[in-house]
Every structure is written in structure tokens, then in C-alpha cells.
Amino acid sequence: MASFWKHVNKVLREADIIIEVLDARLIEETRNEEIEKKIKVQGKIILYVINKCDLVNVNQLYGIKKTLKPSVFISSRDHLGTTILKKKILELSRGEKVTVGVLGYPNVGKSSLINALSGKGSARTSSESGYTKGVQKIRVDNKILLIDSPGVFPRKEKDAIKHGKTGAIDFAKIKDAEHVALNIIEENKEKIKKYYNIKLDDPEEILEKIAFMFGKLRKGSKADLEAAARFLLKDWQAGKIK
Ligand SMILES: Nc1nc2c(ncn2[C@@H]2O[C@H](COP(=O)(O)OP(=O)(O)OP(=O)(O)O)[C@@H](O)[C@H]2O)c(=O)[nH]1
Ligand SMILES: [Mg+2]
């Protein structure tokens, strides 16, 4: 998770067109304003793809379709709308070779969409949210290259990070302590390395090291990352790490 923005920025940099995949059942909730803003600022073309249309009554979505432009409705599961999507991509690229980044909320079907378009099982999918971990390129044909990416975490989780950082929510009560701690490590790496005297660079490895250093362990002497995260958050919120 900590390196998540790194992936998004890489996709934004390399792609000409960005597909924002939305869940047909929760179109507004799965939009990410922050990403949409970045796409605009960088002058990239956005294409909204509303996936999982097999789970809704599409007739009820036409109002929304008018406000989201350009957009395509598909079902990756049933391979519906994929030909229209390909056509739309080529229309936006004016028939030129194009790199298309696929971004979106976790579990909306980004990898499934890529498989439906490429006709290959190249992008691994799962019902488990947060499945895709890194950036992967998949060629559809000689014109279209797709980039799969990890799910973009929703804004409310960003608030959780903010609350954790500022201490607005106590370290003992933070919901996803590990997620918050990794974010703090990512942003304050040198301070944290110095404070705990750790030489590692990867946020997850740093957190693991903290677990071992302070005896935050689970059965079988495995690092208890959740406990280590709360330990770090406690020091952080107490203002010890400067
Ligand atoms: N009903 C239905 N389910 C779908 C559709 N597309 C994907 N799914 C299911 O949604 C789940 C997530 O699909 P993925 O393609 O792994 O989603 P993702 O956006 O790549 O997820 P992360 O990599 O975890 O962010 C899987 O259980 C898929 O089978 C669709 O069009 N219809
Ligand atoms: Mg995926």
C-alpha cells in the first residue's frame, strides 16, 4: 500500500489514455476525484468504464452516462461491451498506437477488464480486494497496450491516515493501523529510520523490523505487523519521532 501512489504516478506518466473503472452498482462511490484531477492536470485523456453491468439494470444508468463523458458500459464477466470499448479507445487515439492505463477502486474489475479485452488470462484476478500488487503491461493487439495497476484506495481511508497522523483518532482505536503506519513510514522514512536505528528502506520491512525489535510477535515468532503499527503510531502521536 505504501508504494501505491508510486504505481499510480507511473501509470499516469506512461499512459496516453486513462481508463477509470467504476462499479455499475456504485458509480459515484467508486470514482476518485483526486485521480481524475491528476489526469486532467497532466493533460491525459480519461475514459470512464462502467463495469459489472450484468449486476444492474442498465436502463437505469442512462442518466449517469450523460454526465460521464466519454464512458462505456461493459461486463468483463460476460464479455459484453468489450468490442465497443476497443473501438472507443481507438477513436480517442485517432487510430494511433496507444498506451492505456487502467486505474480504479480496489476490486472493481480492472484485471478482469484487461483479460476480457486481451482475450488472455494475463492479468491475475481475485474476489479478494487489493489483489493486484504492482504494475503490469498487457498487449491487446498491435495498437493497444494496457497497464494494469493496484486498486486506488478510497478517500475515506485517506482521512483515516490523516486522523492517525494528527492523532485525531487515538493509536489504540485506529481501524487499519498497519495501513496508516506504512503511510507514515513512507512519508517520514529518514526520521523513522534514525529514531529506531533501522537501516532498511522498504516500509513493510521497516515495520517488520520494529516488530522484532520490540517483541511484537505472533505465534511461531512471526512479526505482528498490526501490533508494531500501533507501537509506531503511539510513538508518532506522542511526538517522540521528530
Ligand atoms: N459480476 C461481475 N463480476 C465481475 C466483473 N468483472 C470482475 N468481476 C469480479 O470482481 C472481482 C474482482 O475482479 P478483479 O478483476 O480482480 O478486480 P481488480 O479491480 O483488478 O481488483 P484489485 O486488483 O484487487 O484492485 C472478481 O471476483 C471478478 O470475478 C463483471 O463484469 N461482472
Ligand atoms: Mg487487479
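The values are calculated or read from the model by the stated rules, or taken from the named source; none is laboratory data. This structure is a prediction, so every number in the text was calculated from the model and none was measured. Cβ sites come from the backbone with ideal geometry, for glycine too, and all protein chains shown count toward neighbours. Side chains included, ligands, DNA and RNA excluded: accessible areas come from the protein's heavy atoms. Shrake-Rupley method; radii C 1.70, N 1.55, O 1.52, S 1.80 Å.
Principal-axis analysis of the Cα atoms of the chain puts helix 177-187 at an angle of about 90° to the longest axis.
Calculated from DSSP H runs of 4 or more alone, at -39500 (n - 2.57) each and per residue, what is the 222 nm mean residue ellipticity of the chain, nearest 500? Could you put the intermediate results ahead of the total?
Numbers: 10 runs with 101 residues, N = 242.
Helices in the chain give a 222 nm mean residue ellipticity of -12500 deg cm²/dmol.
From most to least packed by mean Cβ count within 10 Å, the peptides 227-234, 177-184 give 177-184, 227-234.
Looking at the chain only, what percent of DSSP beta bridges run antiparallel? Nearest 5 please.
25 percent
Rounded to the nearest 5, the antiparallel percentage of DSSP beta bridges internal to segment 100-242 is 75%. Length available on full extension from Lys219 to Arg77: 0.36 nm per residue minus the Cα-Cα distance, which gives 47.1 nm. Label separation (Arg124 vs Arg139): 2.3 nm, computed from points 7 Å beyond Cα along the C-beta direction. The equivalent ellipsoid that matches the C-alpha gyration tensor of segment 30-117 spans semi-axes of 20, 16, 14 angstrom, in descending order.
Ranked highest first by average number of other Cβ atoms within 10 Å, how do 115-122, 40-47 line up?
On the way: 115-122: 17.1, 40-47: 13.8.
So the order, starting with the most tightly packed, is 115-122, 40-47.
Heavy atoms only, probe 1.4 Å: what % of the accessible area of segment 1-51 goes to carbon and sulfur, would you let me know? After summing per-atom areas, the C and S share lands at 50 percent. The 1.4 Å probe gives accessible areas that order His7, His79, His163, largest first, as His79, His163, His7.
Counting only Cβ charges, +1 for Lys and Arg and -1 for Asp and Glu, the dipole size of the chain around its Cα centre is about 320 debye. Per the Debye formula with a single identical scatterer at each Cα and no solvent contribution, what log10 I(q)/I(0) holds for segment 15-63 at q = 0.21, 0.22, 0.26, 0.27 Å⁻¹? Evaluating at q = 0.21, 0.22, 0.26, 0.27 Å⁻¹ gives log10 I(q)/I(0) of -0.74, -0.79, -0.95, -0.99.
If you fit an axis through the alpha-carbon atoms of helix 225-237 and take the longest principal axis of the Cα set of the chain, what angle between them do you get, 0 to 90°, nearest 10? Helix 225-237 sits roughly 70 degrees off the main axis of the chain.
Tell me the angle of helix 4-14 to the major Cα principal axis of the chain, expressed in degrees between 0 and 90 and rounded to the nearest ten. Once rounded, one gets 40 degrees. What the chain shows is 54 Å² of accessible area per residue, with the surface traced by a 1.4 Å probe over protein heavy atoms. For the chain, the Kirkwood hydrodynamic radius comes to 19.5 Å, computed from all pairs of different C-alpha atoms.
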